[in-house]
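Below you'll find the structure, written out as structure tokens, and then a few comments.
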Amino acid sequence: MITPFIQGFGTGGGLIVAIGAQNAFVLSQGVRRNHHFIIALICIVCDAIFISVGVTGFGTAVSSNPTLYQWVTWGGAGFLFFYGFESLRSALRGGSMDISDRTIRTLKSAIITTLAVTLLNPHFYLDTVILLGSVSSQFHGESRLYFWVGAVSASTLWFISLSLGGQMLAPLFKKQISWRILDSLVCATMWAIAVSLMIHNASI
């Protein structure tokens, strides 16, 4: 139970925390307390829906086909290594999150903008459906459910932290050292999960 949950939490968290338009938008509205709860809730619900699609649909299809399972597992491990490498490069380069000039004045605008920065991003589908679905395919039954709970928990914790902790987190995310540390942790997590995928695949 613990291992699939931790792997789901680590993989989901590592993919979600990358600097991007969605995170910057959620944080900026959290800082201003501007429809921040609704915005965070939309992001959490979208993640939960598409992670479910990946885990129950794509993950099930992959695990039921041994040949496809082998290809997807090695491909997922390769992508995680690449993702970790990109995080390492980001850590060495240093980054920051620009949260200026993102005020949304009406609830309708907040909802539309949140859906746009989430659903119009191709990486959103790659992360939630394809990658999380492929990683989940190594688990079966309740273990896959625990993986899903871990991934959704990471998403929920992250967006609640950005939204409700905006005032406190904003100065932190403006500092390069904060992102260097976070990207380094993401790199280590992605590589560790990639290695575990390769070991699991080799043992089959």
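Computed from the coordinates by the stated procedures, all read-outs in this text should not be read as laboratory data. Computed from a predicted model, the values in this text were never measured in an experiment. Quick reminder, even Gly has a Cβ in these numbers, built from the backbone with ideal geometry, and neighbours come from all protein chains shown.
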query: Around G165, with a cut-off of 15 angstrom between Cβ atoms, what is the net charge of the other residues, counting Lys and Arg +1 and Asp and Glu -1?
result: +3
In degrees, nearest ten, helix 66-93 long axis to first principal axis of the chain (Cα): 40 degrees
query: So between I112 and R180, what do we pick up on full extension, going 0.36 nm a residue minus the alpha carbon distance?
result: 21.3 nm
- line: Only helices counted: for the chain, with every DSSP H run of 4 or more residues adding -39500 (n - 2.57) and the sum spread over all residues, [θ] at 222 nm is -25000 deg cm²/dmol
task: Can you tell me the 0 to 90 degree angle between the C-alpha axis of helix 2-16 and the longest principal axis of the chain, rounded to 10?
output: 50 degrees
query: Assuming R0 = 30 Å, what is the FRET efficiency of H123 and L164, from their Cβ-Cβ distance, to the nearest 0.05?
result: 0.75
Karplus-derived HN-Hα couplings along region 172-188 (A = 6.51, B = -1.76, C = 1.60, θ = phi - 60°), whole Hz, x at Gly and Pro: 5, 6, 7, 9, 5, 4, 5, 6, 4, 5, 5, 5, 5, 5, 4, 4, 4
- request: Could you calculate the contour length gain from T3 to T56, that is, 0.36 nm times the residue separation minus the distance between their Cα atoms, to one decimal place in nm?
  value: 17.2 nm
